[in-house]
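Input: a single structure, listed below in structure tokens.
What follows draws every value from the coordinates through simple rules; no lab data is involved. Worth saying up front: this structure is predicted, and the values here are computed from it rather than measured. Note that each Cβ is placed from the backbone with ideal geometry, even for glycine, and that neighbours are counted across all protein chains shown.
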Amino acid sequence: MIKSLITRFQQGYRTIGYPDPGAPEPVMPARFRGRPVFDSSKCPADCRQCVDACPTQAITIADGKIKLDLGRCLFCDDCAQACPEHAITHSRDYRLTVRQASDLIVNSDQEIKLAAALDGKLRKLFGRSLQLRQVSAGGCNGCESDVNVLTTIGWDLSRFGISFVASPRHADGLLITGPVTENMKQALKIAYDALPDPKIVIAVGACALSGGPYINHSEVNNGAANIVPVDLFIPGCPPHPMTILDGLLRLLGKIEAGKS
Amino acid sequence: MTQTTPSSTMSFVEIINGQPLERSALPDLPLPQFQNTILDAVQDGHRVAALFGSPHQDPAKLNVYAVLADDRRGRFQAAYTSVSVDGFPSLTPRCPQAHLFEREIAEQYGVKPLGHPWLKPVRFHRSYRAGTDAWNRTATDVVQAGVMEFYQITGGQVHEVAVGPIHAGIIEPGHFRFQCDGETILHLEISLGYQHRGVERAMQGGPNKRSLHYAETLAGDTTIGHGCAYAHMLESLSHCRISPRAAAIRGIALELERLANHVGDLGALSGDVGFLPTASFCGRIRGDFLNMTAALCGSRFGRGLVRIGGVGFDVETTLAADLLKRLDVAEQESRGAITLLWETSSVMARFEGIGTVPKDTALELGMVGPAARACGLDMDSRRDHPSGIYRFSHVPVSTWRGGDVFARAYVRWLEIQRSIQFVRDQLKSLPSGELRSAVAALQPNALAVTMQEAWRGEVCHIALTDAQGRFERYKIVDPSFHNWMGVAMAVRGKQISDFPLCNKSFSLSYCGHDL
């Protein structure tokens with residue numbers, strides 16, 4: 001018992017201050033690959049190196065402008081390494097979450113339309129207490145692990161009223177990871193149907209947004225939105241815990257809309 | 001380098017980890033000799049590292065390849081045979097290690113191992129040979145995970161408990177079917193396949209721009225393990241030598257991956273027995289190790305670190321110094337958190353004597369990794385089949401006895417200490433060299449085997465290339481494939497309430513198994 005208390009004292013208080021007022025902004029690792037930044041003005045005419053290098057066809061070029069589908073992006077850097085003009089870099093910006101699938105497609109010269117808060121009744125219902133059921137539907141345990149980490153003392157997700165529950169019957173929403181394999185399609189539908197109304201769905205990671213590395217495999221369904229309606233899209237492979245936390249807090253209106 | 005051995009595997013050809021072999025040098029054995037050699041070799045202490053099918057040019061036949069691991073001599077033995085698509089005598093009744101491999105052959109190619117005592121689907125997908133099915137399902141029958149005949153025990157007091165595919169926590173899906181007499185588990189059948197994404201099928205015809213990403217997401221918590229095995233495969237088949245520096249950085253990343261997962265698992269085990277201090281501390285410290293990997297390559301799971309021909313990122317002097325400092329803190333905090341477990345009687349009472357797998361059973365099932373070492377099996381492919389940095393820097397093998405939850409936990413703690421020491425040594429004396437070496441085209445008509453000791457145990461990749469140097473077949477064996485049956489054995493005759501603890505003590509991968 002004494003040893004437990006001593007160890008407790010040594011381990012200290014370790015929950016991050018963010019997003020409390022006055023708390024330091026989170027610092028991402030120097031090599032963190034956040035939102036990709038494209039400088040289309042550097043692109044030579046007819047160059048398609050980045051398009052060809054991308055493993056998930058996330059990049060398209062139209063009218064000399066690069067467009068990126070954040071839902072498909074694995075944040076793998078294959079495009080940047082292929083670019084002869086160094087026109088592609090990764091910012092350290094971890095804020096990537098959007099509410100509409102169409103907002104995942106970003107132009108090189110355009111800001112991301114970050115997720116808006118739930119409105120009206122839903123925000124009133126879930127804003128101070130959101131119980132989620134997590135369903136892994138073909139996820140590799142990367143997204144699952146970094147969702148799980150939010151429940152540890154370092155992040156303490158429950159201080160925002162968000163927690164993960166053991167049954168869809170106890171839940172306000174689903175948090176889905178994985179491309180939705182054929183073999184999980186039915187279980188996912190059953191879990192969704194078991195949620196009481198009103199309910200929300202959060203898709204986390206490239207697989208759940210688009211199929212990720214498994215896009216167009218006959219064994220998968222190219223993401224959660226092809227099976228159930230999705231209210232929040234959190235890109236990444238896997239998303240950093242900060243990205244997931246930022247997305248959840250925006251949805252609940254706990255980060256001011258003006259703070260993009 | 002190839003040579004035959006005077007032992008029981010005389011008819012097989014001998015290769016080492018990452019050494020490509022001309023396919024013409026691979027013995028094509030008659031089926032009885034092929035099977036008898038495997039039986040003799042396993043009797044002799046070799047293990048079945050892989051046994052898999054591959055199409056034969058005659059549509060009435062199927063090729064079956066075997067790769068055996070001779071851990072004592074650091075060699076693999078390989079050969080192949082051809083069987084009729086109408087079926088072949090099963091090896092499983094005489095060699096339990098073959099059991100899941102033969103089920104996989106049946107599922108992938110619709111060819112039945114006749115006399116297999118437990119012939120059920122593994123991942124619930126249609127056969128690669130269109131129109132064939134080992135369970136005589138037609139094109140209109142549904143092939144759905146979990147739809148199969150489960151073993152049932154009947155009797156007045158016997159009841160059945162079904163768990164999954166969706167589980168209560170934030171974990172991957174799988175189905176567990178218990179036959180219980182009161183609280184006692186008479187039998188557990190584990191039926192997986194829910195995570196099947198078709199990786200092996202998609203690897204055929206590769207490598208292509210997705211292949212490395214498949215490897216990195218085969219089991220996302222083993223990104224470095226599978227990434228290294230895959231990169232090593234391409235380097236072997238293209239006769240590319242990575243620099244000592246690249247090899248050392250891969251080793252650092254592989255050990256950080258082990259550290260993060262082992263620390264996380266000890267925390268989760270602590271949580272499963274209701275001892276929250278260590279559960280809380282380890283949950284956070286795991287993140288400190290993940291963040292060290294993120295400092296290396298930007299990703300907490302090591303995405304982008306392993307590149308074909310080397311690594312994507314260097315460890316400069318300042319980064320090495322920073323990592324050493326963080327490692328010291330993480331070591332001290334891990335020690336404080338984890339030793340609490342061994343000193344707390346309520347924890348030890350729940351760890352000791354629970355979920356025991358006898359050493360003989362572990363051997364017979366062909367278990368690998370920390371779960372096998374916890375049964376006293378002295379095996380670790382970092383020592384037995386070393387590649388990369390492990391040929392020069394050795395990590396002592398950590399074993400324990402007993403095969404219970406405690407042993408599986410304690411082996412992890414031993415490995416944590418040794419991995420920290422290894423990472424520290426590497427960071428202090430990083431060799432020089434290019435980060436990436438050039439990779440040429442792959443050797444055509446070749447076979448190669450690569451193996452890495454990832455945190456759950458050995459990751460084994462096998463490639464067969466065609467005349468153009470493309471993958472004709474790419475076989476992946478995750479350590480979980482060898483160990484899931486161990487979980488079923490660990491809980492037999494035990495209380496059903498101990499199942500979560502037993503399961504966590506193995507901490508196996510669902511997607512690594514399901515591919």
Charged-residue dipole, Cβ positions (Lys, Arg, Asp, Glu), segment B:1-122 about Cα centre, Debye nearest 20: 200 debye
Take every residue in peptide A:7-14, count the Cβ atoms of other chains within 10 Å of its Cβ, and give the average of those counts. 5
How large is the convex hull of the C-alpha atoms of chain B per residue, in Å³? 136 Å³
Say the cut-off is 25 Å between C-alpha atoms; which of A:Lys65/A:Lys113; B:Lys61/B:Lys120; A:Lys3/B:Lys359 go over it? A:Lys3/B:Lys359
Among B:Ala374, B:Cys297, B:Val273, flag the residue with its Cα farthest along the positive direction of the charge dipole of segment B:207-441, charges on Cβ as +1 for Lys/Arg and -1 for Asp/Glu. B:Cys297
The Kirkwood hydrodynamic radius of the protein assembly as shown, taken as the inverse of the mean 1/r over all distinct Cα pairs, in Å, comes to 26.7 Å
Which one, B:Ala215, B:Gly309, B:Gly174, is farthest towards the positive end of the dipole of chain B when Lys and Arg carry +1 and Asp and Glu -1 on their Cβ? B:Gly309
Expected-Rg normalisation [2.2 N^0.38 Å, Cα atoms] applied to segment A:28-140: 1.28
Take B:Trp342, B:Trp135, B:Trp400 and order them by how many other Cβ atoms sit within 10 Å, fewest up front. B:Trp342, B:Trp135, B:Trp400
How much mean residue ellipticity at 222 nm does the protein assembly as shown get from its helices, if each DSSP H run of length 4 or more adds -39500 (n - 2.57) and you divide by all residues, to the nearest 500 deg cm²/dmol? -10500 deg cm²/dmol
Dimensionless Rg over Rh [segment B:207-441; C-alpha; Kirkwood]: 0.99
Shielding by partners for B:153-166, please: the mean number of other protein chain Cβ atoms within 10 Å of each residue's Cβ. 2
From the Cα centre of segment B:434-463 to that of segment B:75-112, the distance in Å is 24 Å
Rounded to the nearest 5, what is the percent of antiparallel bridges among the DSSP beta bridges in chain B? 95 percent
For segment B:1-122, Kirkwood radius (reciprocal of mean inverse C-alpha pair distance, Å): 14.5 Å
In peptide A:30-43, how many Cβ atoms from other protein chains are near each Cβ within 10 Å, on average? 2
What the 5 Å binned alpha carbon P(r) of segment B:202-286 shows, as percent of pairs per bin from 0, is 3, 14, 16, 18, 14, 11, 9, 7, 5, 2, 0
Output for segment A:1-67 (equivalent-ellipsoid semi-axes, sqrt of 5λ from the C-alpha gyration tensor, Å, descending) is 49, 15, 9
Taking every Cα atom in segment A:120-251, find the radius of gyration and the maximum pairwise distance Dmax, and write them in Å. 13.7, 41
With charges only on Cβ, +1 for K and R and -1 for D and E, what is the dipole size of segment A:81-134 about its Cα centre, in debye, rounded to 20? 660 debye
At a Förster distance of 25 Å, what's the computed FRET efficiency of B:Ser393 paired with B:Glu343, Cβ-Cβ distance as r, to 0.05? 0.20
About its Cα centre, what dipole magnitude does segment B:38-85 give when the only charges are +1 on Lys and Arg Cβ and -1 on Asp and Glu Cβ, stated in debye to the nearest 20? 100 debye
